[in-house]
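Undergrad: Sharing a structure with you now.
The values are calculated or read from the model by the stated rules, or taken from the named source; none is laboratory data. Computed from a predicted structure; not experimentally measured. Using ideal geometry, Cβ is built from the backbone for each residue, glycine included, and neighbour counts are taken over all protein chains shown.
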Amino acid sequence: MCSKRFMRDDGFSGQCYWTIQCHWTARRCRAALCGIAVGLAILITGCGGNERPAASAARPAVPVDLVDHAGLLERVAAHRGKVVVLDCWSTSCPPCIKEFPGLVALAGAHPDDVVCLSLAFDYEGIGTPAEVLPPVREFLATVDDGRLANLHHLLGREDADAMYRKLDLDSVPAVFVWKADGTLARRFDDDDAARHLGRAFTYADVAAAVREAVAESR
């Protein structure tokens, strides 16, 4: 079972550890429980029957760039002048998978005013980041046909725990919205949703924040 730690020496609030032979964070506990179900969901989404359509097989791989935390901030800053949305997600996170089409729809609704970035937290520090690219691309191919110029996909080249710490996150999904002037307009995560919404956030909430930021930039 998982036990809660209320404060670590580095000042970040509790992480949940499950002792088997080593300590897993709460994020990995959830991944262990949900990974099989998510894998089946991706398989079902990607398959229309006993075989894949020929057009799908011929589709080029979805571009995914590897970034560390500094590189991520550079990507966000590079789009100053537009509203920037960053979706933090993982293939082992069912709520992330469920809500991800909302990011694609958001990019389609604001092709000129908004840049949408997705950041996959799939690299856990074992092996190389490139080794986890295939499942990330496999899922992205089911939701992104490559026609949106303002939608870009990233994968953390630092291990997930480091990225969580540097972004001050406890878990995914999480969404950041920056105004056109580069200031943070809104951050959506479990803690924020509990405080301000009293429920889990959805892309309807994100879309409302984006519309407000776009209107303010005009």
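Undergrad: Can you give me the number of residues within segment 117-136 that are among the charged types (D, E, K, R) and closer than 26 Å to A77 by Cβ?
TA: Residues flagged as among the charged types (D, E, K, R) and closer than 26 Å to A77 by Cβ within segment 117-136 amount to 1.
Undergrad: Further, regarding this structure: For segment 179-201, name all the residues that are out of contact with any Lys or Arg (no Cβ under 8 Å at 6 or more places or on another chain) and in a loop (DSSP other than H, G, I, E, B).
TA: Correct list: K179, T183, D189, L197, G198, R199, A200, F201.
Undergrad: Still on this structure, I have one more. Looking at (1) out of contact with any helix residue (DSSP H, G or I) (no Cβ under 9 Å at 6 or more places or on another chain); (2) part of a helix (DSSP H, G or I); (3) among the small types (G, A, S), which is the only condition A204 fails?
TA: It fails just one condition, (1).
Undergrad: Please state which one of S171, S217 is touching a residue at least 40 places away in the same chain (Cβ under 8 Å) and closer than 15 Å to S90 by Cα. Even if it seems obvious, please write down each step before you answer.
TA: Values: S217 fails: closer than 15 Å to S90 by Cα.
Of the residues listed, the single one that is touching a residue at least 40 places away in the same chain (Cβ under 8 Å) and closer than 15 Å to S90 by Cα is S171.
Undergrad: So, one more: Select from segment 52-105 the residues that are of a type in the set (A, V, I, L, M), modelled with pLDDT of 95 or more and either part of a helix (DSSP H, G or I) or out of contact with any Lys or Arg (no Cβ under 9 Å at 6 or more places or on another chain) (or both) and list them in ascending order.
TA: Once the filter is applied, which keeps residues that are of a type in the set (A, V, I, L, M), modelled with pLDDT of 95 or more and either part of a helix (DSSP H, G or I) or out of contact with any Lys or Arg (no Cβ under 9 Å at 6 or more places or on another chain) (or both), segment 52-105 yields A70, L72, L73, V76, A77, A78, V85, I97, L103, V104, A105.
Undergrad: Run down F176, F201, F139 and say which single residue is among the hydrophobic types (A, V, I, L, M, F, W, C), more than 30 Å from P60 (Cα to Cα), modelled with pLDDT of 95 or more and crowded, with 17+ Cβ neighbours inside 10 Å.
TA: F201
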